[in-house]
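To start, the structure itself, in structure tokens.
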Amino acid sequence: MARKCTKKDCRKELPSKKNSDIWQEKGFCNIECMTLHAHKLGIERLERKRKADESGAKKRRNELKKKVRDEDRSYWLKKAQQSFNAYIRHRDADLPCISCDSNPNDKNLMTGSRWDCGHYRSVGANPELRFEELNTAKQCVKCNRDLSGNVVNYRIGLVKRIGIEKVEWIEGPHSPKKYTIDELKAIDKKYRELVKTPV
């Protein structure tokens, strides 16, 4: 069976190996075919290398992002707060708003969620109470955001729910608390797990 040129779009029959030139030994009918084939292979090799480099760079970027994120306290504080807030809304799912005792429905809703996790003593003023379950309750968006917490009515509702002694404890002095990244990760994990369990 006669040998044919290796270049796909050529495929001319090759002469016998006797007295053949280097391009014929390599499987090409002439020097042009060999050059074009080598050029195409070179471009394909370069393209594969470029894709591999891009993939490696992307992987390195993702690893760096993960490393930075794992060492970023503000990232974990935000994650822990989101998990904690979700748990409070889950815990109080069957209860009305702590401040106005209402059960708003979708008709009252312009945008976003109907419910927030409202803090009696705000996170800004009392960061040490940000993860204190007694200091938080499900609160409607109107009371929490539009009425800045509706604090007077919040206190009345809180006294009814947990008693005056616990409310006075919340209102008392508390030691400052600076959470470590490991503590925040543990809080995030704890409350994500609690949201999965029935109340």
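The values are calculated or read from the model by the stated rules, or taken from the named source; none is laboratory data. Everything numeric here is computed off the predicted structure, so don't read it as measured data. Using ideal geometry, Cβ is built from the backbone for each residue, glycine included, and neighbour counts are taken over all protein chains shown.
Scanning the stretch 130-148 for residues that are surrounded by fewer than 20 Cβ atoms within 10 Å (Cβ to Cβ) and within 18 Å of Y179 (Cα to Cα) turns up E132, E133. Being of a type outside the set (D, E, K, R), surrounded by 13 or more Cβ atoms within 10 Å (Cβ to Cβ), in contact with a helix residue (DSSP H, G or I) (Cβ under 8 Å, 6 or more places away or on another chain) and in a strand (DSSP E or B): is that true of G118 here? Judged against the criteria, G118 is a match. Cβ-Cβ contacts under 8 Å between residues 6 or more apart (or on different chains), taken from a first residue in the stretch 52-78 that is under 22 Å from I187 (Cβ atoms) to a second residue that is charged (D, E, K, R) and surrounded by 10 or more Cβ atoms within 10 Å (Cβ to Cβ), are listed as Y75/R69; W76/K185; W76/D188.
Would you check if there is a residue in the stretch 28-35 being farther than 30 Å from K177 by Cβ, of a type outside the set (D, E) and modelled with pLDDT under 65? So far as the stretch 28-35 goes, yes, one or more of its residues are farther than 30 Å from K177 by Cβ, of a type outside the set (D, E) and modelled with pLDDT under 65. When every residue of the stretch 173-189 is checked against the conditions, none turns out to be in a loop (DSSP other than H, G, I, E, B), free of Cβ contacts under 8 Å to residues at least 24 places away in the same chain, farther than 30 Å from S74 by Cβ and of a type outside the set (D, E, K, R). Tell me, please, whether a residue that is assigned by TED's automatic domain parsing to the domain that holds N135, in a loop (DSSP other than H, G, I, E, B), at pLDDT below 80 and surrounded by fewer than 10 Cβ atoms within 10 Å (Cβ to Cβ) can be found in the stretch 97-109. Checking the stretch 97-109: at least one residue is assigned by TED's automatic domain parsing to the domain that holds N135, in a loop (DSSP other than H, G, I, E, B), at pLDDT below 80 and surrounded by fewer than 10 Cβ atoms within 10 Å (Cβ to Cβ).
Checking the structure you have, find out if any residue of the stretch 149-168 is surrounded by fewer than 16 Cβ atoms within 10 Å (Cβ to Cβ), at pLDDT below 95 and under 30 Å from D72 (Cβ atoms). No, the stretch 149-168 contains no residue that is surrounded by fewer than 16 Cβ atoms within 10 Å (Cβ to Cβ), at pLDDT below 95 and under 30 Å from D72 (Cβ atoms).
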